[in-house]
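Engineer: Starting off with a structure, shown below.
The values are calculated or read from the model by the stated rules, or taken from the named source; none is laboratory data. Every value quoted in this text rests on a predicted model; they were computed, and no experiment measured them. Using ideal geometry, Cβ is built from the backbone for each residue, glycine included, and neighbour counts are taken over all protein chains shown.
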Amino acid sequence: STPAAIAAGLSAGARRGLLMKGGVVLETLGRITAVAFDKTGTLTAGKPVVTDIVAVGRPVRDVLSLAAALEKGSSHPLALAILDRAKTDKAPVPPAFDANAVPGEGVEGKVGGEPVFLGSPQAAGRRVSLGDEQGAAIAALNAEGKTVSVLLARNGVAGYIAMRDEARPDACDALAAMKADGIRAVMLTGDNRTTAEAVAAGLGIEARAELLPQDKQRIVRELQSEGFKVAKVGDGINDAPALAAADIGIAMGGGTDVALETADAAVLHGRVRDVPDMIALSKATMGNIR
Ligand code: ADP
Ligand code: MG
């Protein structure tokens, strides 16, 4: 019977790490026509590595220490990269006070009584003026496919840290398979345009960059108003509004608690392939019923 087929579909998915919250989710997945993917931690492995540390008016080691102090409580992939590097370089990590994530922008707090911010060049540029020379240096790093986070301290720019995050090994093939099935795939990212386009070109996906969480939500709604049935896939950090707006929100591999609460489905093994596989499972299950 119908409920039995749905139950079988749900448990077949669960065995492969494809979790769907109930029959309505399973059924809706088969009608998805567009998938919006977050970049960091979703299309990329989410394990960025620090490649460059540039200091402005203070030692490089202090830039790393201040950044690591801010990131200590953060689960953002970029935070883990910075903490890793601080450990490798044996840079001291002083305590930070009132450290808070600013969704889609970075992290801010106080270290040694000094107010500090670490975040995207766009977010930093909204707080202080970055200057042509620094803008050009950051753009050159972006053109190498690197993400740059800028450290601001009391006197303005204190330095910046560049990181590179490789695409998930199966991303390219999984996106090609979706395209072959007539499903539109879009990459949404808070990262800067140059870096985003470098990554997107390698994956063969269209990219929308420099987005805040509410922009990602707006783009999901735009796709829906164009008639698409939209799934949004994200690691959950900064993604809750867009996940909630989508017809189906999918949390990617080991997502944060907030993502799992907001999401309709989750893929536990961190493969991009799991997304078209879940859609195919839905189609097969619903096909059985009809
Ligand atoms: P994505 O959309 O790729 O997941 P996010 O929205 O999480 O990116 O972040 C957007 C940008 O904000 C990052 O590229 C980075 O420059 C900056 N940023 C966000 N959170 C942090 C953080 N914890 N540490 C450093 N930079 C951050
Ligand atoms: Mg993110």
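Engineer: Give the residues of segment 252-278 that are closer than 18 Å to ASP170 by Cβ, of a type in the set (A, V, I, L, M), at pLDDT below 90 and crowded, with 18+ Cβ neighbours inside 10 Å, sorted by residue number.
Structural biologist: Selection gives MET252 alone.
Engineer: Same structure, new question: Restricting attention to segment 14-27, does a residue exist that is touching a His at 6+ places or on another chain (Cβ under 7 Å) and at pLDDT below 95?
Structural biologist: Within segment 14-27, one or more residues are touching a His at 6+ places or on another chain (Cβ under 7 Å) and at pLDDT below 95.
Engineer: Now, a different point. Of the residues VAL157, VAL148, VAL186, which is without any contact (Cβ under 8 Å) to a residue 60 or more places away in the chain and either within 12 Å of ligand 1 (Cβ to nearest atom) or β-branched (Val, Ile, Thr) (or both)?
Structural biologist: Values: VAL157 fails: without any contact (Cβ under 8 Å) to a residue 60 or more places away in the chain; VAL186 fails: without any contact (Cβ under 8 Å) to a residue 60 or more places away in the chain.
Of the residues listed, the single one that is without any contact (Cβ under 8 Å) to a residue 60 or more places away in the chain and either within 12 Å of ligand 1 (Cβ to nearest atom) or β-branched (Val, Ile, Thr) (or both) is VAL148.
Engineer: Against the definition (away from ligand 1 (no atom under 12 Å from the Cβ) and either surrounded by fewer than 24 Cβ atoms within 10 Å (Cβ to Cβ) or assigned by TED's automatic domain parsing to the domain that holds GLY104 (or both)), how does ARG208 come out, yes or no?
Structural biologist: So ARG208 does not fit the description; no.
Engineer: Got at least one residue in segment 164-173 being over 18 Å from the mean Cα position of the chain (by Cα) and touching a residue at least 12 places away in the same chain (Cβ under 8 Å)?
Structural biologist: yes
Engineer: Got a number for residues in segment 137-159 being at negative phi and within 20 Å of the chain's Cα centre (by Cα)?
Structural biologist: 9
A quick yes/no check of all residues on (1) outside the structural domain of ALA86 (by TED's automatic domain parsing); (2) crowded, with 18+ Cβ neighbours inside 10 Å; (3) closer than 19 Å to THR40 by Cα:
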site	(1), (2), (3)
ASN142	no, yes, yes
LEU152	no, yes, no
ALA171	yes, yes, yes
VAL186	yes, yes, yes
THR189	yes, yes, yes
ALA231	yes, yes, yes
ALA240	yes, yes, yes
ALA246	yes, yes, yes
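Engineer: May I pose another question? If you go through segment 36-51 one residue at a time, do you hit one that is more than 16 Å from ligand 2 (Cβ to nearest atom) and among the small types (Gly, Ala, Ser)? Break it down stepwise before answering.
Structural biologist: The first filter runs over segment 36-51 and keeps only residues more than 16 Å from ligand 2 (Cβ to nearest atom), leaving 49-51.
In the following step, the residues that additionally are among the small types (Gly, Ala, Ser) were identified as none.
No, there is no match, as no residue in segment 36-51 is more than 16 Å from ligand 2 (Cβ to nearest atom) and among the small types (Gly, Ala, Ser).
Engineer: Residue check: is GLY112 over 23 Å from the mean Cα position of the chain (by Cα) and closer than 25 Å to ARG164 by Cβ?
Structural biologist: No, not satisfied.
Engineer: Suppose we keep only residues that are among the hydrophobic types (A, V, I, L, M, F, W, C) and farther than 13 Å from ASP165 by Cβ within segment 189-205. Which one would you say is nearest to ligand 1 (Cβ to nearest atom)?
Structural biologist: ALA200
Engineer: Can you confirm whether VAL220 is within 16 Å of ligand 2 (Cβ to nearest atom), assigned by TED's automatic domain parsing to the domain that holds VAL25 and of a type outside the set (D, E, K, R)?
Structural biologist: Here the answer is yes, as VAL220 does meet what is asked.
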